[in-house]
Amino acid sequence: MLYQIYETQRALMAPFAEFAQASAKLYHHPLSPFAHLPMAQRISAAFDLMHRLAKEYEKPAFGITTATVNGVEVAVQEQVRASRPFCRLLRFKRFTDNPKALDVMKSQPTVLIVAPLSGHHPTLLRDTVRSMLHNHKVYITDWIDARMVPLEEGPFRLDDYVGYIQDFIRQIGPHVNVISVCQPTVPVLGAISLLASHGEPTPRTMTMMGGPIDARRSPTAVNNLAMNKSHHWFEHNVIYRVPPNYPGAGRRVYPGFLQHAGFVAMNPDRHVSSHYDYFLDLIQGHDNNAEAHRQFYDEYNAVLDMPAEYYLDTIKTVFQDFALVNGTWHVKGELVRPQDIGRTALMTIEGELDDISGAGQTHAAHDLCTGIPSENHFRMNVKGAGHYGIFSGRRWREVVVPELRRFIARYDQPAMASSARGVRRVK
């Protein structure tokens with residue numbers, strides 16, 4: 001019922017949002033007589049803020065059309081390489097007529113970035129993709145909003161997530177280097193473990209970034225909520241059915257609007273302050289600051305519904321039973337054994353100020369992957385970085401990317417290894 005109430009409210013607010021947007025332009029456009037009235041700038045700013053608070057936020061585009069390779073700007077085209085009911089495998093294909101840049105691109109390593117299915121769209125990793133494109137062939141998982149998946153496609157569980165990752169790794173090939181960001185660190189480790197147990201080729205490297213491999217270590221507010229509420233509580237308080245106006249009508253989901261409310265509730269003062277600063281920037285004509293605010297919240301406010309079965313499985317498996325670290329996790333009846341991984345190098349990355357995945361949670365992967373030789377284990381702690389700072393922003397680009405590039409190059413083509421011998425176990 002709550003989902004239907006939200007949809008009704010959204011429909012009622014839509015005309016108001018359009019009115020606020022038109023009014024903001026009316027009091028701001030230089031050709032409008034209203035723009036020359038006293039207080040016009042303040043009135044326009046107020047209407048603009050109202051518009052952004054009331055509008056609906058659609059999934060943003062990656063918008064990556066170029067990249068720089070070996071000092072040459074090359075074109076980038078987004079391609080769908082595989083399509084499943086709940087996910088698409090995207091490749092950012094690079095093109096150039098420059099023969100030197102082309103030769104470099106052909107020899108560069110391949111990476112699969114596994115984006116989180118945890119509320120925000122994979123476009124949240126836009127900066128991750130853009131940075132990796134300079135030196136790698138890049139694929140990414142593009143998870144589909146569950147409310148857009150017809151009910152006849154069936155449920156989507158954590159086991160299915162693991163299966164998707166295995167299928168994508170097989171399709172790309174064993175030369176791939178897998179990077180998992182936040183939530184997918186657990187299913188990615190599960191997928192690669194099962195590949196190793198089956199005797200199938202495994203990726204050359206796997207990088208785990210800010211994920212809850214062992215959520216018992218330094219638990220955060222997010223971990224505590226999942227640990228302290230029962231499975232029954234989650235099923236009866238955050239799971240709702242998609243209303244009739246979507247293709248996935250009737251599907252049980254954890255709605256995006258509830259997830260967004262939870263995101264905001266974690267730091268309400270910061271969001272209030274940010275919107276007030278935006279209002280002041282509009283009044284004072286600080287266009288660059290205002291645009292930066294819009295870009296951030298266009299991404300932050302765009303959320304998706306998660307399949308209920310997947311969400312509840314994750315709560316139970318990762319945050320309540322700690323099945324991976326306890327050695328009791330079964331995927332479609334088969335025990336997950338990280339100790340069977342032997343030929344894949346492991347790098348874990350944590351942010352010093354991460355308030356979503358606490359200290360030591362991601363590094364716990366090293367204790368599980370005992371079959372990997374000690375010289376192929378690498379840990380990195382990013383000083384001053386929060387959760388988002390390890391895969392986006394200045395610290396990601398200046399601190400993390402160089403180390404990650406050296407790590408991947410070390411285990412990729414022999415011809416590139418010499419340039420990567422300096423990779424460090426960063427503390």
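Just a few scattered comments:
- Tally, over segment 177-233, of residues that are under 25 Å from R343 (Cβ atoms) and part of a helix (DSSP H, G or I): 13
- Filtered residues of segment 102-141 (kept if part of a loop (DSSP other than H, G, I, E, B) and under 20 Å from F62 (Cβ atoms)): Q108, A115, P116, L117, S118, G119, H121, L133, H134, N135, H136
- Residue that is nearest to T205 (Cα to Cα) [pool: residues in segment 142-166 that are part of a helix (DSSP H, G or I) and either small (G, A, S) or out of contact with any helix residue (DSSP H, G or I) (no Cβ under 9 Å at 6 or more places or on another chain) (or both)]: G163
- Within segment 300-339, the set of residues being buried (at least 17 other Cβ atoms within 10 Å of the Cβ) and among the acidic types (D, E) comprises D305, E309, D313.
- Qualifying residue in segment 129-152 (condition: surrounded by 22 or more Cβ atoms within 10 Å (Cβ to Cβ), assigned by TED's automatic domain parsing to the domain that holds Q79, closer than 20 Å to A365 by Cβ and in contact (Cβ under 8 Å) with a residue 60 or more places away in the chain): no
- Residues being more than 18 Å from G173 (Cβ to Cβ) and within 19 Å of the chain's Cα centre (by Cα) - total across segment 86-110: 3
- Evaluation of V264 against the conditions (1) more than 22 Å from Y310 (Cβ to Cβ); (2) in a loop (DSSP other than H, G, I, E, B) shows that the sole unmet condition is (2).
- When segment 215-237 is filtered for residues that are of a type outside the set (F, W, Y) and without any contact (Cβ under 8 Å) to a residue 60 or more places away in the chain, the ones remaining, listed by number, are N224, L225, N228, K229, S230, H232, H236, N237.
- Single condition K137 does not satisfy, out of (1) under 29 Å from R241 (Cβ atoms); (2) out of contact with any Cys (no Cβ under 7 Å at 6 or more places or on another chain): (1)
- Of the residues making up segment 342-362, those that are within 21 Å of N326 (Cα to Cα) and either over 19 Å from the mean Cα position of the chain (by Cα) or among the small types (G, A, S) (or both) are G342, L346, S357, G358, A359, G360.
The values are calculated or read from the model by the stated rules, or taken from the named source; none is laboratory data. Note that the coordinates shown come from a computational prediction; the quantities given were computed from them, not determined experimentally. We place every Cβ from the backbone using ideal geometry, glycine too, and count neighbours over all the protein chains shown.
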